[in-house]
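Have a look at the structure below before the remarks.
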Amino acid sequence: MGDCRGDRFRACCFITILVMLLVCCCTNGEDPYRFYTWNVTYGDIYPLGVKQQVILINGQFPGPQIETVTNENLIINVFNSLDQPFSSLGNGVQQRRNSWQDGVYGTNCPIPPGRNFTYTLQVKDQIGSYFYFPSLALHKAAGGYGGFRILSRSVVPVPFPPPAADYTILAGDWYNKNHNDLKAILDSGHDLPFPDGLIINGRGANGYTFTVDQGKTYRFRISNVGITTSINFRIQGHKLLLVEVEGTHTLQNTYDSLDIHLGQSLSVLVTADQPARDYYIVASTRFTSQVLATTAILHYSNSAAAVSGPPPGGPTTQIDWSLEQARSIRLNLTASAARPNPQGSYHYGLVKTTRTIGLASSAAVINGKQRYAVNGVSFIPADTPLKLADYFKISGVFSLGSIPDAPTGGGAYLKTSVMAADYRGYVEIVFENPEDTVQSWHIDGYSFFVVGMDRGQWTPASRLGYNLRDAIARCTVQVYPKSWSAVYIALDNVGMWNVRSENWVRQYLGQQFYLRIFSTANSWRDEYPIPRNALVCGQALGRRKPNENL
């Protein structure tokens, strides 16, 4: 550094010391890091008693739990040891300013076989229960998923006492066919058959046990990780106290059972207040003519008897029952969220919307094959991730406005559909379902307020029944048969974001599109720059990133 003599040297030393102090302050003030290394492989297991090739992460199915705290940074180094490209998605993890790491093909090139990629992300201003899963093709039908929980910072109060333990339940439908065979069925233009069964944490009936101590209270985080069916969840002889839905603390209502639709997650508190024995934990399908069910075991540590008799039954096809339950799930206005301020301090109902988007689902046959569409557009993936095409200004990959703001009533057609939206707009989205099947919709990068849902067709008069005081905020919303659901969403996260059906058959066959939230400021305050390690593929091959050699 030299000898600090004379005005010039003293100035030099002062600047150097100041820079060192600033670096130290920034380093000390940075949010903590957590590091994960995943090896993604195939492995043979027997979820329903039939040998099945599944996707394992570090030899596990389900994969290892991701547990982190609000605002922490995650470094996840993924080695793809499969024979196919691989990509993973955190369902509900918002990737603030960072759709580069979202993990869907519209934003990321997949990891080629034999290669690795490091995801770098921050769970910014989030709490709650989520899960991750493989996002390409029909990989989700082969497993590769795991729990993803974001805990509150120590300075933020949680509106219930600490539970004795925190358990994750990943439940959903399962097929005995290989995921490649399932994909081949869809590619041939046909729909999938009915699932072969349900599993809980990768196992069939009575295959998984949760141990509790009598008199203590436990948190169960439950996610529907299936690909085609809603489920109902219940625990024999025990009440479910709902406390959180996809990052939002709820009014603490008590339920005998809860519907959990595709892609949805929630948390309940369960008190072991029954006689010391074992009890059934049950998941069963909803809105299906044939009802599938599976069980796990709630085992009291001082149990005097094993489970016996039939598991408790649950609702089957009753739509109004489920609709009323959904309306009862409300925001806890007095609880803190990721920041130490009440959730109700943001008065979403007093903000004037700047735009209304109507999204209607449909099933259609296009070129002799079964497809699904949104506003008449059935999405087809481009040869280049849309985010890369946008960044490198590659023409011909997609066009803005390739999906209309409202249903047209015309026939369905194929298109790489992208909808433009203004940064910081406040939008009303109405999901319309004219079909006879329950649907589930997810928007990457965001949570939204579910202000209304009802049977029949939505009209502007439907707004009179909106909940503008304590509607739940979440990232996935169900739409009942021949019904509608309306949400309010603040478009405050720049990026290219996937809007999709969580029914993975419908998603794969076109029921999705991308929402491009663009800021003209070109500032790091709005969006992070392209990562130095970003994979390039398709027409982006050979394109040089500005910071590639840094």
In whole Hz, the Karplus estimates of ³J(HN,Hα) for region 166-182 (6.51, -1.76, 1.60; θ = phi - 60°; x where Gly or Pro) are 10, 10, 10, 10, 10, 10, x, 6, 8, 10, 7, 6, 4, 4, 5, 5, 5
State in Å² the accessible area per residue of the chain; use a 1.4 Å probe, count heavy atoms of protein chains only, and round to the nearest integer. 41 Å²
Based on the Cβ-Cβ distance from residue 65 to residue 436, what FRET efficiency comes out when R0 is 41 Å, to the nearest 0.05? 0.65
Once a ≥ b ≥ c are taken as the square roots of the eigenvalues of the Cα gyration tensor of the chain, is the result rounded (a/c under 1.5), prolate (a/b larger than b/c) or oblate (a/b not larger than b/c)? rounded
Out of all Cα-Cα pairs in region 378-417, roughly what percent, to the nearest whole number, are more than 11 Å apart? 67 percent
Express in nm, to one decimal, how much length is gained between residue 255 and residue 347 on full extension, taking 0.36 nm for each residue of separation and deducting their alpha carbon distance. 30.3 nm
Cβ-Cβ FRET estimate between residue 191 and residue 239, R0 fixed at 51 Å, reported to 0.05: 0.85
Fully extended, how many nm does the chain gain between residue 115 and residue 41 (0.36 nm per residue separation, minus their Cα-Cα distance)? 25.4 nm
Centre separation in Å (Cα based) which lies between region 175-194 and region 287-312: 30 Å
Number of Lys pairs in the chain with C-alpha atoms less than 17 angstrom apart, excluding same-chain neighbours closer than eight positions? 9
Calculated FRET efficiency, residue 301 and residue 424, Cβ-Cβ r, R0 51 Å, to nearest 0.05? 0.45
Under 8 Å for C-alpha pairs, at least 6 residues apart: give me the relative contact order for region 418-478, rounded to a whole percent. 43 percent
Could the peptides 169-175, 79-85 be put in order, highest first, of the mean number of other beta-carbon atoms found within 10 Å of their residues? 169-175, 79-85
Dividing the alpha-carbon Rg of region 300-457 by 2.2 N^0.38 Å yields what? 1.43
The long-range amide H neighbours of residue 366, using H built 1.01 Å from N in the peptide plane and a cut-off of under 5 Å, are 371
If I take every Cα pair under 8 Å that is 6 or more residues apart in the chain, average their sequence separation and divide by the length, what percent do I get for the relative contact order? 13 percent
Would you mind putting 433-441, 126-134 in packing order, based on average other-beta-carbon counts within 10 Å, highest first? 126-134, 433-441
Which length gain, in nm to one decimal place, applies between residue 324 and residue 308 when the Cα-Cα distance is subtracted from 0.36 nm times their residue separation? 2.6 nm
For region 348-540: relative contact order, % (alpha-carbon pairs under 8 angstrom, 6 or more apart): 28 percent
Once you put a point 7 Å from the Cα of residue 153 and another 7 Å from the Cα of residue 455, both along the Cβ direction, what distance in nm separates them? 4.7 nm
Share of carbon and sulfur in the accessible heavy-atom surface of the chain [1.4 Å probe, %]: 54 percent
Mean-position separation - Cα centroids, region 487-533 and region 74-124, in angstrom: 14 Å
By the gyration tensor of its Cα atoms, with a ≥ b ≥ c the square roots of the eigenvalues, what is the shape of region 348-540: rounded for a/c under 1.5, prolate for a/b over b/c, or oblate? oblate
Shape call for region 301-341, from the Cα gyration tensor axes a ≥ b ≥ c (a/c under 1.5 means rounded, otherwise prolate when a/b beats b/c, else oblate), comes out oblate
Rank-order 318-327, 510-519 by packing density, defined as the average count of other C-beta atoms within 10 Å over each peptide's residues, highest first. 510-519, 318-327
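The values are calculated or read from the model by the stated rules, or taken from the named source; none is laboratory data. Model, not experiment: these values are computed from the prediction. Note that each Cβ is placed from the backbone with ideal geometry, even for glycine, and that neighbours are counted across all protein chains shown. Heavy atoms of the whole protein, side chains included, go into the accessibility calculation; ligands, DNA and RNA do not. Shrake-Rupley method; radii C 1.70, N 1.55, O 1.52, S 1.80 Å.
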